[in-house]
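Below you'll find the structure, written out as structure tokens, and then a few comments.
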Amino acid sequence: MDHEYGAPQGSREASGAQGGNGTADAVRSLVRAARDDVTTCGWHLMDAAVASRCLDADQALWGRLAGHWDDLVADPYAAEQGTVRLRRLGRFLLSRSGEISPLAHEAFVQPQASNPLYVDVERRFEPLTSSFAAEPVLGRLIRLLGEVAAGLDDTGQWIVRVHPFRVLAQPDSQGQPTPEGRHKDGVTLVSSLLIGRGNVTGGRSTVFDGEGREIASATLSEPGSLLLSDDRATWHAVSPLEPEDAGRPGHRDVLVTTLAAC
């Protein structure tokens, strides 16, 4: 099933039901639709307008968040594969009641049967800046993801990892958002929020079922678009990026946030 800038049927129904009054009930309905899709189908694509409503984020707040992508640092592990990627890493604890607490910075290690390039490899990345971690939209996103993940696991706490990425597409080389190809993150819920993209083609996100069959595919083109998937039941990958204008570089900025039950 191919959804360009779209979402499963349940999402469209919920979006149409929200009306213009901005009530909390309407937002809960939208989040419930996302949780139901992820629980039953393994994935959900929330369009930018719906995500902005659920996160109570206006253009100014999105702009503030996007500014942090200019302060990312080079990923030396991706560079070994020929990919120019910038990133940072943050860790938080999310309680059932919605309390978010920062966790000590540590190496990033993915478990067996998840990422074929980096199984049990300790990768060390620079932490989120304090100003990034304090962004209101980030906290709202984490809580929203906790509500969705509650449909997958009845846990009291979640380990949240926040990965801002900028992948560059050079005139002489492709950008590889997922140099490892089709993979898992070794968590319960994985999400990808588009922050922005410029002078690039490609970067199509695809979700596969447990047998490797494609079940959803979309190019996240509008900032604020949010793709969610059950990482235990699905695999995911993103196609390469190429500069639209071959004479200058392009980029794709995303925020990948994962939740793992603890």
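The values are calculated or read from the model by the stated rules, or taken from the named source; none is laboratory data. None of these values were measured; they are calculated from a predicted model. Cβ sites come from the backbone with ideal geometry, for glycine too, and all protein chains shown count toward neighbours. All accessible areas refer to the heavy atoms of the entire protein, side chains included, with ligands and DNA or RNA removed. Shrake-Rupley method; radii C 1.70, N 1.55, O 1.52, S 1.80 Å.
Going through the stretch 200-245 one residue at a time, which ones are β-branched (V, I, T) and not in a strand (DSSP E or B)?
T234
Condition test on V38, is it closer than 22 Å to V238 by Cα, assigned to a helix (DSSP H, G or I) and not small (G, A, S)?
yes
Would you pick out the residues in the stretch 130-150 that are in a loop (DSSP other than H, G, I, E, B), touching a residue at least 12 places away in the same chain (Cβ under 8 Å) and open to solvent by 30 Å² or more (accessible area, probe 1.4 Å)?
Answer for the stretch 130-150, where residues must be in a loop (DSSP other than H, G, I, E, B), touching a residue at least 12 places away in the same chain (Cβ under 8 Å) and open to solvent by 30 Å² or more (accessible area, probe 1.4 Å): just A150.
I want to confirm something. Restricting to the stretch 54-92 and keeping residues that are outside any helix (DSSP H, G or I) and small (G, A, S), which single residue is farthest from G181 (Cα to Cα)?
Applying the filter and picking the extreme gives A57.
Just the residues that are out of contact with any helix residue (DSSP H, G or I) (no Cβ under 8 Å at 6 or more places or on another chain) and open to solvent by 60 Å² or more (accessible area, probe 1.4 Å), please, taken from the stretch 41-63.
Those that are out of contact with any helix residue (DSSP H, G or I) (no Cβ under 8 Å at 6 or more places or on another chain) and open to solvent by 60 Å² or more (accessible area, probe 1.4 Å): C41, Q59, A60.
Tell me yes or no: at least one residue of the stretch 200-207 is surrounded by fewer than 23 Cβ atoms within 10 Å (Cβ to Cβ), more than 16 Å from the chain's Cα centre (by Cα) and within 25 Å of A104 (Cβ to Cβ).
no
Does the stretch 152-191 hold any residues that are touching a His at 6+ places or on another chain (Cβ under 9 Å), open to solvent by less than 20 Å² (accessible area, probe 1.4 Å) and part of a strand (DSSP E or B), and which are they?
Listed by number, the residues that qualify are P164, V167, A169, G175, H183, V190.
Does L259 count as touching a Lys or Arg at 6+ places or on another chain (Cβ under 9 Å), open to solvent by less than 10 Å² (accessible area, probe 1.4 Å), touching a residue at least 60 places away in the same chain (Cβ under 8 Å) and of a type outside the set (G, A, S)?
So L259 passes the test.
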